[in-house]
1. Within the set 314/409; 51/355; 192/409, which residue pairs have Cα atoms separated by over 32 Å?
2. State the extension gain, in nm to one decimal, for the chain segment bounded by residue 174 and residue 292, taking 0.36 nm per residue of separation less the distance between their alpha-carbons.
3. What residues have an amide H closer than 5 Å to that of residue 142, excluding those fewer than 5 places away on the same chain, when H is modeled at 1.01 Å from N in the peptide plane?
4. Any chance you could check the Cα centroid distance between the stretch 191-230 and the stretch 38-66 for me, in angstrom?
5. Between residue 412 and residue 130, what FRET efficiency comes out of the Förster formula 1/(1 + (r/R0)^6) with R0 = 51 Å and r the beta carbon distance, rounded to 0.05?
6. Grab the beta carbon distance between residue 246 and residue 369, set R0 = 30 Å, and tell me the FRET efficiency rounded to 0.05.
7. Hey, with R₀ at 56 Å, roughly what FRET efficiency would residue 273 and residue 61 work out to, going by the Cβ-Cβ distance, to 0.05?
8. Taking 0.36 nm per residue of separation and subtracting the Cα-Cα distance, what length does fully extending residue 84 through residue 38 add?
Amino acid sequence: MKDSYDITIIGGGILGCAIAYFLSAVTDSSIIVIEQEKKVGLHTSSRNTGKVHAPFYYSPDRKSSTATYALKGFDMIKTYCALHKLPFKEDGVIEIAISDNEIDVLHKHVQWAFKNGLKKEDVRFLNKDEMLQFEPNLKCESGIVCFRDASTDYALINQKLMEDAIKFGCKTSFENKFKSIYFNTKTAANRKMTIIGTVEDITTDYIINAAGGSSLDIAHSFNLAKEYTDLHFRGEYWIAPQKYSNLTKRSIYSVPRYTEYPFLDPHWIIRSDQTCEVGPNAVPVFGPYSYNFYDNLKNVIPKISSSFKIGLLKLFLNTQFLRLVSGEFSSSFSKTSMINRVRRFLPSLNPSDFKQRGKAGIRSQLIDRNGNFASESLLVEGESSLHILNYNSPGATGALPFAMNIVRKLVQTNIVSRTSRSINSPLINEFD
Ligand SMILES: Cc1cc2nc3c(=O)[nH]c(=O)nc-3n(C[C@H](O)[C@H](O)[C@H](O)COP(=O)(O)OP(=O)(O)OC[C@H]3O[C@@H](n4cnc5c(N)ncnc54)[C@H](O)[C@@H]3O)c2cc1C
């Protein structure tokens, strides 16, 4: 394997692999993905709810690009899944108001849905009686049904994107963790950099940082995005026993209680393989891979010493945030407390029936100096590098259009050149 590449992508999650897919299909550049694990997609991209989210609860003012990528992502994922015979169930989703004072939020979400590009036939508001005819086991005051929402398996999509990228010429370096960067030349022109990895070093002209929960630390090592710190939130799930498999026809979400924070309350989930789960909550943890108690403990000192900055201090002085966090901790320690959050609208659930935890996933949120959460993903450009930060939900839904957009910009700015090879695939055909 050669050790010098035009472009190096750090991170083999769904985003890094989607970028590798488009880059290797439409350019002549030499490309490598470096991934710290043995294979791609072992972190957030395989530890999520598996929904192809329709953009009805993203504010068109605060989250317009998130909404745009989600809308476009639905079609692109549908096409990609059809191409490779991967699961894609257009099963729709329901959002409900548990109390009267939440009904206005549902009306607002219907408006947002249309502003974000959903069509009239995609979303329907239902009053209490209509809702109960639709889903008789629900307890609610009203709801909206979104028909343009689907379930898939992002781990399979992630893996297939990597396989396709390899077919198009992309190389990989596994179990190779980015440790630091060395600039071989001091000037920006013809810059060469060497990535110091745990297994091998890689020389490259351009770096795309798509390292998920580690992306901010990597950006900091390039002296970028220093105004941000991050906080990690573990989303935990409980698997429902078989007896509940026909409880509802669709996944059910409730109106979120804390709309200013980027988390929804735990939902009733029907996955693409028909298994049902309750989750996820959002429990603060010390690192992006703190899936269990011991891994979390290992990250306490590094997190506190590196990142306990003014923004986090301000956030932890915010009483509303502390209220949210205490509820999340309680649903982490107590299964009953977690199941009861969904039992508010599915009263026949019995917490003692739930015996098995699902696979937890961790989202990493950027926090600014004022203690505010960054509302959307952030692209930070360095000299010869691009850093994708705060790439959170519905990041898996939007990964294909987001990646396509990045590759388009790299072509337009002559960082890579368009190939004359042609690959006949519906997604690649969409590129031009
Ligand atoms: C609980 C939960 C539920 C979610 N549900 C949904 C959903 O239903 N629908 C949806 O669309 N989105 C959902 N999301 C969001 C979605 O899963 C993420 O936005 C998406 O998977 C992020 O992909 P990624 O490639 O950026 O990150 P990741 O999948 O985390 O990939 C980053 C990769 O970088 C590698 N890496 C990190 N550091 C280094 C290093 N130093 N050197 C080399 N490699 C490195 C990691 O090993 C990893 O493989 C959910 C997220 C969570 C946490």
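1. Numbers: 314/409 36 Å; 51/355 24 Å; 192/409 21 Å.
Over 32 Å apart, Cα to Cα: 314/409.
2. Numbers: separation 118, 0.36 × 118 = 42.48 nm, distance 2.38 nm.
Taking 0.36 nm per residue and subtracting the Cα distance, the gain is 40.1 nm.
3. Hits under the 5 Å cutoff: 97.
4. 23
5. Details: r = 49 Å, r/R0 = 0.95.
The formula returns an efficiency of 0.55 here.
6. Details: r = 50 Å, r/R0 = 1.66.
Computed FRET efficiency for residue 246 and residue 369: 0.05.
7. Values: r = 37 Å, r/R0 = 0.65.
The calculated FRET efficiency here is 0.95.
8. Working: separation 46, 0.36 × 46 = 16.56 nm, distance 2.32 nm.
Going from the current span to full extension adds 14.2 nm.
Computed from the coordinates by the stated procedures, all read-outs in this text should not be read as laboratory data. All figures in this text were calculated on a predicted structure; none of them were measured in a lab. Positions of Cβ are backbone-derived with ideal geometry, glycine not excepted, and every protein chain shown enters the neighbour counts.
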